[in-house]
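Data first, discussion second: the structure below is written as C-alpha cells.
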Amino acid sequence: DLSVGSILGLCAVLVGVFWKNLELPLPVAMTLSLGVGTLAGLVNGLIITRFRVPPLIATLATLALYRGLAEGISQAKSVRGYPAWFFELGQGSIVGIPTQLWLLLAAALVGIVVLRSTTFGRATYAIGNNEQGAAFSGLPVARTKLLIYAASGFMAGLAALVFVSRVTTTRSDMGTGIELDVITAVVLGGTSIFGGRGFVTGTLLGLCLIQVLKNGLALSGVRGDGTVVIIGAVLIVAVLISNVLKRWNGE
C-alpha cells in the first residue's frame, strides 16, 4: 500500500477542518478522521479487488489522489490551537512510557493475535502465498483483501492523529515519503515481498532498525536527501537478499 503517507496527510488535514472549520467537538472530528482513513483504505481495496488493478498501480494512483485532496482541502493553511488534552496523544506518557508507544504496542498485539489465532489471519497468509489456490480452497479472497486495506487505512488515520498531536498543527504535506520507511521496515522485518511470509514482531524489529539508522545518520550529519538515498539502498539490499533466499529455498 503506497498510499499510507497520503492517507495520513489527508486525515491530518481533515481532523483540523472538522474541528476548526465545521466546529465539531474534537472527539467527533477525530472519529470522523479515522473513518475517512478507513474509507480511503477500503477504496484502495475496492479498486484492487473489483477492477483487478495491480496493488502497486492502484495505490500509486491513490497516493496522488489523496495527497491532492489534502492540499486542496487545506488550501495551504494549517490549524493550531488544539486543547491541552489532545497533546497527550502524541506528547504525553503513561507510567513514564510515551502514550504513542502504548498505542503502537497495542496495535502490534492485536496484529499478532489476529494473524496467529484467527481464521482471518490464516486466510491472509494463504492469500499471500497463493491467491488463486486460496480462492479454489473456498477462502473469501476479495473480502479478506478489503478488510486488510481498510485496516491499513485505519492505522494511517490513527497515525495522523498521533502526528498532529505530536507537532501541534496540521499540514497537507504530513506523511510525505513515509511509505518508503514503511516498506523498508516491513521488508527488513522479514516479510516477503512475494507474500505468504512475515510476522508483526519482525516488522517491529525492522522499524527499530530504520529508526536507529536514521538517528545514526542524523548524528553523523547526514540529513534530507542523503538519508532517503541510504534508506533506499537498504531497501534494495533487503529485497535482493529476500529474493536470493527464496531461490535457495526452492520457492
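Here are the numbers for this structure:
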quantity: Full-extension gain in nm, Ile241 to Leu22, via 0.36 nm per residue minus C-alpha separation; calculated: 73.8 nm
quantity: Rounded accessible area per residue of region 124-240, 1.4 Å, Å²; calculated: 52 Å²
quantity: Stokes-Einstein D for region 127-245, Kirkwood Rh over Cα pairs, 37 °C, 0.692 mPa s (µm²/s); calculated: 200 µm²/s
quantity: With Cα atoms, 0 to 90° folded angle of helix 200-219 axis to the chain main axis; calculated: 60 degrees
quantity: Given charges at Cβ of Lys, Arg, Asp, Glu: the chain dipole, positive-most of Pro98, Val110, Leu209; calculated: Val110
quantity: Cα lying deepest toward the dipole's positive end in the chain, options Val167, Gly189, Leu146, charges on Cβ; calculated: Leu146
quantity: Approximate shape of region 111-175 as ellipsoid semi-axes (Cα gyration tensor, √5λ), whole Å, largest first; calculated: 33, 12, 8
quantity: Centre separation in Å (Cα based) which lies between region 82-143 and region 151-165; calculated: 13 Å
quantity: Using θ = phi - 60° and Karplus 6.51 cos²θ - 1.76 cosθ + 1.60, couplings along region 86-95 (whole Hz; Gly, Pro as x); calculated: 5, 6, 5, 5, x, 10, x, 8, 10, 6
quantity: Inter-part distance where region 174-251 and region 1-40 are each reduced to a Cα centre, Å; calculated: 28 Å
quantity: Principal axes of the chain: Cα extent on each, largest first, Å; calculated: 57, 46, 37
quantity: Three semi-axes of the equivalent ellipsoid, region 179-251, Cα gyration tensor, whole Å, largest first; calculated: 25, 13, 9
quantity: Proximal lysines relative to Lys77, as straight alpha-carbon distance under 23 Å, when same-chain residues fewer than 8 apart are discounted; calculated: Lys20
quantity: Region 1-133: equivalent-ellipsoid semi-axes (sqrt of 5 x gyration tensor eigenvalues, Cα, Å); calculated: 30, 23, 11
quantity: Angle in degrees between helix 26-50 and the longest Cα principal axis of the chain, rounded to the nearest 10; calculated: 30 degrees
quantity: Rg in Å to one decimal, and Dmax rounded to a whole Å, for region 66-185 via C-alpha atoms; calculated: 18.1, 54
quantity: Rg to Rh, two decimals, where region 32-74 supplies the alpha carbon set and Rh follows Kirkwood; calculated: 1.01
quantity: Kirkwood hydrodynamic radius over Cα pairs of region 41-112, then Stokes diffusion coefficient at 25 °C and 0.890 mPa s, in µm²/s; calculated: 156 µm²/s
quantity: With Cα atoms, 0 to 90° folded angle of helix 141-167 axis to the chain main axis; calculated: 30 degrees
quantity: Using distinct alpha-carbon pairs, which all enter the 1/r mean, Kirkwood radius of region 180-222 in Å; calculated: 10.6 Å
quantity: Sequence-separation-based contact order of region 111-237, relative, with Cα cut under 8 Å and 6+ spacing, percent; calculated: 23 percent
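The values are calculated or read from the model by the stated rules, or taken from the named source; none is laboratory data. Everything quoted here is computed from the prediction, not taken from an experiment. With ideal geometry, Cβ positions are generated from the backbone for all residues, glycine too; neighbour counts draw on all protein chains shown. For the accessible areas, the whole protein counts, side chains as well, though only heavy atoms, and no ligand, DNA or RNA atoms are used. Shrake-Rupley method; radii C 1.70, N 1.55, O 1.52, S 1.80 Å.
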